[in-house]
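The values are calculated or read from the model by the stated rules, or taken from the named source; none is laboratory data. Only a predicted model underlies this, so the values are computations on that prediction, with no experimental measurement involved. Note that we place each Cβ from the backbone using ideal geometry, even for glycine, and neighbour counts take in every protein chain shown. Remember, those area values only see protein heavy atoms, side chains included, never the ligands or the DNA or RNA. Shrake-Rupley method; radii C 1.70, N 1.55, O 1.52, S 1.80 Å.
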Amino acid sequence: MNMAMPRSCVNNGGPPSLIRLDRVPRLDVETRLTIESHSALACWQARAGEVLTVSDPDGTAYRARITCLEPELAACVPFQCLPAAVESPLRIEVYQSLPDKERFELILQKLTELGVARIVPMESQHSATLDERDAQQKKSHRWPDVISRASRQCRRAMLPELMPVYTYAEALAEVSRAELKLMLYEGDTHWSFTEWLGSFRPQSVALMVGPEGGFSRAEVEQAQAVGVMPVRLGPRLLRTETAAIVAAALLQSYLGDLN
């Protein structure tokens, strides 16, 4: 297995995109943002006048309007204190075999709305390849923008990390680091998705989603060798985009903040 060093995300997502306040703010009063927040605002490609979610030192989230965005000074006016944290306590990483057509953009949008922390497109035996997808019209460059727009719409405080397209071996090397490792598999398996969750309460979950045609038997065996558990997601055969969305929602419902 290729054990290369982890690769960098392509959209400046994750903790570097969290816009931080250096104190608990007063609503409707302009507040200066920290120096670190200048970089976070750049991750969002924010503009003065835009409304985004910011966080204070206690982790409380606010909706705030960016009022000043200069090289040496950034400020905002928090106007609404959100009743709950907008980032899930559960770190979900989805390793998604590349589908054809426009379905990956739908997956990116919905996984962002569901609070997934990291999205990793990958090539598997039965999946499309990046070259095949971009052969007629290059569209992969739009993926960071899809995530950015979805993050704004659902009021996320951080952009989920979007990784470059991984090989299957690269994906397995990183999946192996998660506390709970699941693979959606429509073949023979003794475990349903929710049965395997049981009473285990992990802080991180890696979810592998196959393409149309699913994972090959050899791919399943390779995944099992690094501790990945193949699980079934109900009695019906779901399209890859449906499976990814349903599984992420179930994880947030059982282990995260979807309640």
Whole-percent carbon and sulfur share, accessible surface of the chain, 1.4 Å
51
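To the nearest 0.05, how large is the calculated FRET efficiency for Ala85 and Leu237 if R₀ is 45 Å and r is the Cβ-Cβ distance?
Calculated transfer efficiency: 0.80.
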For the chain, with a Gaussian network of springs between Cα atoms less than 10 Å apart, report the residue from His38, His126, His141 with the top mean-square fluctuation.
His141
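Of the trypsin sites (Lys or Arg not before Pro) in region 1-110, which ones lie in a loop per DSSP and count no more than 11 other C-beta atoms within 10 Å?
Arg23, Arg26, Arg47, Lys101
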Taking 0.36 nm per residue of separation between Val226 and Thr129 and subtracting their Cα-Cα distance, the length gained on full extension comes to 32.5 nm
Over region 34-81, how many percent of alpha carbon pairs lie in each 5 Å bin up to the one with the longest distance?
5, 21, 35, 27, 10, 2
Mind pulling up the Rg/Rh value for region 108-256? Radius of gyration and Kirkwood radius, both on Cα.
0.95
If you count only protein heavy atoms and use a 1.4 Å probe, how large is the accessible surface of Arg201, to the nearest 10 Å²?
130
Might you tell me the accessible area per residue for the chain, computed with a 1.4 Å probe and given in Å²?
49
Compute, for Tyr62, the solvent-accessible surface of its heavy atoms (probe 1.4 Å) with the complete set of protein chains present, and express it in square angstrom to the nearest 10.
10
Separation of alpha-carbon centers, region 1-77 and region 211-239, rounded to whole Å
38
Put Leu90, Leu69, Leu258 in order of accessible area, largest first, 1.4 Å probe: what do you get?
Leu258, Leu69, Leu90
According to a simple spin-label model (label point 7 Å from Cα along Cα-to-Cβ), what is the distance in nm between Val24 and Ala42?
3.2
Please work out how much accessible surface Glu70 shows to a 1.4 Å probe, ignoring ligands, DNA and RNA, in Å² rounded to 10.
100
Let me check something: with ligands and nucleic acids excluded, how do Asp56, Asp28, Asp100 order by accessible area (1.4 Å probe), largest to smallest?
Asp28, Asp100, Asp56
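Working from the alpha-carbon coordinates of region 56-170, get Rg over Rh, Rh being the Kirkwood radius. Numbers along the way, then the final one.
On the way: Rg = 17.1 Å, Rh = 16.1 Å.
Looking at region 56-170, the ratio lands at 1.07.
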Divide by every residue of the chain the summed helix terms, -39500 (n - 2.57) for each DSSP H run of at least 4, and state the resulting mean residue ellipticity at 222 nm, rounded to the nearest 500 deg cm²/dmol.
-8500 deg cm²/dmol
Convex hull volume of the Cα atoms in the chain, per residue, in Å³?
131
